[in-house]
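*Asks:* Here you go, one structure.
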Amino acid sequence: GIQVEQSPPDLILQEGANSTLRCNFSDSVNNLQWFHQNPWGQLINLFYIPSGTKQNGRLSATTVATERYSLLYISSSQTTDSGVYFCAVEGNSGGSNYKLTFGKGTLLTVNP
Amino acid sequence: DVKVTQSSRYLVKRTGEKVFLECVQDMDHENMFWYRQDPGLGLRLIYFSYDVKMKEKGDIPEGYSVSREKKERFSLILESASTNQTSMYLCASSPWSGSNLNTEAFFGQGTRLTVV
């Protein structure tokens, strides 16, 4: 099945710093999503971005489908940005349809 | 707003008990999913369903079964709970990709199950 790799696995920032999280995937995709897992464990939708660029406040994301990667940018980070960020993809070849395959996540810690 | 609701946030069960985890979505989504999340292993798909009464095994179906009698409800069943099923369980729903260009998935709040 499709493979998803996220980097870096851990990231520590000072408040106000910018960061880039990367997601590489091994096959063409129908769907790519970025999530933030809150302290209670719920996955919060950040972006649905199978291709192109989107922005939402201090967060933006770019997916280059032809090169099989996506980037999540966090600008002017705040302590509330801390947590685990997941990339998840839905492949468009047999056996991968419908379901999301997750990367292992990036644990972001923003210190005051 | 899309809403996926799981019946319990926390659950403690005894070894050997039959356990039901319930999930309801209000967006008329065709697809529903059950994942479990474990430290170091990430999120893994247990089962999914793309229609009422239809189900497909995911990556780790052993020890689990599912039921989808109505479109909005997807139940995960642990036939005989064991301690290695202690985990965080996450339910999700999404539109069918064949009928919709947007297949964004939404997750419930999660159920932390402890089997003692």
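*Asks:* Probe radius 1.4 Å, ligands and nucleic acids left out: which of A:Ser77, B:Ser67 has the largest accessible area, and how do the rest follow?
*Replies:* On the way: A:Ser77 0, B:Ser67 35 Å².
Final ranking, largest accessible area leading: B:Ser67, A:Ser77.
*Asks:* Where in region A:40-55 does accessible area fall by at least 40 Å² between the isolated chain and the complete protein assembly, at a 1.4 Å probe radius?
*Replies:* A:Trp40, A:Gln42, A:Leu43, A:Asn45, A:Tyr48
*Asks:* Continuing with this model, one more query. Nearest 100 Å² is fine: how much accessible area is buried between B and A, summed over both sides, with a 1.4 Å probe?
*Replies:* On the way: alone 6530 and 6040 Å², together 10720 Å².
Using a 1.4 Å probe, the pair buries roughly 1900 Å².
*Asks:* For A:Thr109, what accessible surface area do you get with a 1.4 Å probe? Give it in Å², rounded to 10.
*Replies:* 50 Å²
*Asks:* Over chain A, with the other protein chains present, what is the accessible area per residue in square angstrom, probe 1.4 angstrom? Write out the running numbers ahead of the final one.
*Replies:* Values: 5090 Å² over 112 residues.
Per-residue value: 45 Å².
*Asks:* Another question about this same structure. Provide the descending list of Cα extents for region A:28-91 along its principal axes, expressed in whole angstroms.
*Replies:* Rounded to whole Å, the extents work out to 34, 24, 14 Å.
*Asks:* Now for a separate question. Cross-link candidates for B:Lys55: which lysines have Cα within less than 22 Å, leaving aside residues fewer than 8 places away along the same chain?
*Replies:* Qualifying lysines at Cα under 22 Å: A:Lys99, B:Lys3, B:Lys18, B:Lys70, B:Lys71.
*Asks:* To the nearest whole percent, what portion of all C-alpha pairs in region A:3-112 is separated by more than 25 angstrom?
*Replies:* Every Cα pair in region A:3-112 considered, those over 25 Å come to 16 percent.
*Asks:* Now for a separate question. Students often get this wrong: which residues of region B:6-41 have the backbone nitrogen under 12 Å from the point 7 angstrom along Cα-to-C-beta of B:Thr114?
*Replies:* Output list for this probe position: B:10-14.
*Asks:* So how exposed is A:Tyr98, as accessible area in Å² (1.4 Å probe, rounded to 10)?
*Replies:* About 60 Å², ignoring ligands and nucleic acids.
*Asks:* Pop out the carbon and sulfur fraction of the accessible area of chain B as a percent, whole number, probe 1.4 Å. Don't skip to the end; give the middle numbers.
*Replies:* On the way: 2810 of 5620 Å².
Carbon and sulfur together cover 50 percent of it.
*Asks:* Ranked by accessible surface with a 1.4 Å probe, highest first, in what order do A:Lys99, B:Lys13, A:Lys104 come? Provide the component values of the computation, followed by the final result.
*Replies:* On the way: A:Lys99 35, B:Lys13 55, A:Lys104 140 Å².
The residues order as A:Lys104, B:Lys13, A:Lys99, largest area first.
*Asks:* For region A:1-105, which whole-number percentage of the solvent-accessible area (1.4 Å probe, protein heavy atoms only) is attributable to carbon and sulfur atoms?
*Replies:* Details: 2230 of 4780 Å².
Carbon plus sulfur share of accessible area: 47 percent.
*Asks:* Suppose the Debye formula is applied to equal point scatterers at every Cα of the protein assembly as shown; what is log10 I(q)/I(0) at q = 0.07, 0.14 Å⁻¹?
*Replies:* With one equal scatterer per Cα and no solvent, log10 I(q)/I(0) is -0.22, -0.87.
*Asks:* Quick one: give the max-minus-min coordinate of the C-alpha atoms of chain B along each principal axis, largest first, in Å.
*Replies:* 43, 26, 23
*Asks:* With a 1.4 Å probe and all protein chains in place, put A:Thr106, A:Thr80 in order of accessible area, largest first. Provide the component values of the computation, followed by the final result.
*Replies:* Working: A:Thr106 0, A:Thr80 100 Å².
Largest accessible area first, the list is A:Thr80, A:Thr106.
*Asks:* Taking amide H positions as placed 1.01 Å from N in the peptide plane, with prolines and chain starts having none, which residues 5 or more places from B:Tyr47, or on another chain, fall under 5 Å of its amide H?
*Replies:* For B:Tyr47, whose amide H was placed from the backbone, the distant partners under 5 Å are B:Trp34, B:Gly58.
*Asks:* Still on this model: Keeping every protein chain present and rolling a 1.4 Å probe, give me the accessible area per residue for chain B in Å².
*Replies:* On the way: 5620 Å² over 116 residues.
Accessible surface, normalised per residue, equals 48 Å².
*Asks:* Sticking with this structure for a sec: Gap in Å between the Cα centre of region A:1-61 and the Cα centre of region B:1-26?
*Replies:* Centre-to-centre distance over Cα atoms comes out at 27 Å.
The values are calculated or read from the model by the stated rules, or taken from the named source; none is laboratory data. Note that this is a predicted model, so its numbers are computed, not measured. When we count neighbours, we look across all protein chains shown, and the Cβ atoms used for this are built from the backbone with ideal geometry, even at glycine. Each accessible area value is taken on the protein alone, full model and side chains, heavy atoms only, with ligands, DNA and RNA left out. Shrake-Rupley method; radii C 1.70, N 1.55, O 1.52, S 1.80 Å.
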